[in-house]
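Asker: Here's a structure for you.
Computed from the coordinates by the stated procedures, all read-outs in this text should not be read as laboratory data. Please read these numbers as outputs of a predicted model, since none were measured by experiment. No Cβ is skipped: glycine too gets one built from the backbone with ideal geometry, and neighbour counts run over all protein chains shown.
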Amino acid sequence: MCRLERLCRVTYEWGLGYLWHAFESKLTELFIKDEGGSTVGVIKEECDQVQWVSTTEELCTIMRRGRSTLLASVSENQCIPAEISNAEGVHNGSIAATSFESSRADGPTLLAICYNIRHFERHGRDLEDPWSCRQSAIHHSLTLGSMQSTWVVVQPPEVFNLTIGYTRHPMALHLRYIQAAIANWREYLDSFSQTFKLLNQQIAIPNPYRKFKITFSHEQHLHHLKGKLHHAQNILTNTQATLRIISTHESSIAEEQSLLPAIHDDFKQKINNISREVDNYITTTQKLLRISDDLKLMYSDILTFQGQELQRETTLKLECLAQEDATGNRDMAVLATLAFKDSRSMRIATAIAMFYLPSFFSSTLVWYGTTVEVAQNNGSKIQLRSEIWIASVMAALLAIGTVSWSWWWNCLEEKKSTKHAAQRTARP
């Protein structure tokens, strides 16, 4: 409970007190408060029946009977009570849950080793990834002279055979345990190979970039698979290091116990075979990582070229829009020029009309008068003088003057427009 109190205090210090109540309500499901809630399987030498115990008293009674003993904890969401570590010399009290231990303990008559192994097993749930990474731990203490072994296995692999038989080598169970831990590696790596095969089929046949239908999510999925492979490679590397520790520990036992060379060599040969198998898995993992690098490179190239094609198409569309806009601007400029010329002509015509019409009607060539005719009513009429040639000469002179005036006015307006355009061009 001291650890729970410390955890509670830290939770409130970091401002996560609102989560503590929900966590506290789940404590009974996560941890075991009494010994009766945890069971340990006990297997004696040359006995096929597993005997399950839940108290340290029952465990001590069985342990006093002698013979080699295997203790297996296979329960879910449970932990072995702390008292078991000191019961009848089950464990020497060293904290070695995540480290390797190969040293003498309790005097010169006891040799012990402890290590953990991570492995993959099918979880059986309806998920995209059918594999789960499991962790198992084993502790082995051997009493020299009597050659009695005590094994503690926490969460053993599913294919691990919970039996103890007669073996010529006191560490033979380690070989069976390691083989059970690596039993699913070939199937696990084959699942990656099949996945990469399907991914490669999508890009193996030459096609235009649009037909590949590769998106950024495909590259993310490949990155996720690559991360799993790196994790698997680390597990295999650690397993290889564990095998070296076991081999070193076995050499110490063989030297202390004076094992026969044939027994010692047989163990070395078997552990070397397992080591070569693990090396093959490491090589396969490295090969799959190289394949993933090639796939990622192809995905990156496809996405890059797709982006370049989209950019090129966008550029062409923008160029077409710019050309259409330039054509529209040019047409608008032509219309504006024509409208300006028409407006200027109208201004000239309006000025001429405003000057000549009053002069025409106020001249002596045309006047208004009253005439009287028989059988008709009185009325007003426009009368022209008989000197019509004067009107013709005046009309010709007025036409020549009007044309000259219009020409001079147009030239003056064009000079002004040219001058303004030159000023706008020269302005920085």
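Asker: Counting other C-beta atoms within 10 Å, which of Lys419, Lys287, Lys270 has the fewest, and how do the rest follow?
Answerer: If I rank by nearby Cβ atoms, fewest first, I get Lys419, Lys287, Lys270.
Asker: Can you order the peptides 257-263, 301-307 by their average number of other Cβ atoms within 10 Å per residue, highest first?
Answerer: Per-residue mean Cβ counts within 10 Å order the peptides as 301-307, 257-263.
Asker: Give the peptides 217-228, 8-19 in descending order of average Cβ contacts within 10 Å, highest first.
Answerer: So the order, starting with the most tightly packed, is 217-228, 8-19.
Asker: Could you sort the peptides 118-130, 237-249, 170-182 by per-residue average Cβ neighbour count (10 Å cutoff), highest mean leading?
Answerer: The densest-packed peptide leads the list: 170-182, 237-249, 118-130.
Asker: With the cut-off at 22 Å, tell me which of the pairs Lys213/Lys287; Lys197/Lys228; Lys228/Lys296; Lys228/Lys287; Lys226/Lys270 have Cα atoms farther apart than that.
Answerer: Lys213/Lys287; Lys226/Lys270
Asker: In what sequence do Cys411, Cys133, Cys114 fall when counting other Cβ within 10 Å, fewest first?
Answerer: Result, fewest neighbours first: Cys411, Cys133, Cys114.
Asker: What's the exposure ranking of Lys268, Lys415, going from fewest to most Cβ atoms within 10 Å?
Answerer: Lys415, Lys268
Asker: In Å and from the alpha-carbon atoms only, list the Rg and Dmax of the range 103-257.
Answerer: Final numbers for Rg and Dmax: 21.7, 75 Å.
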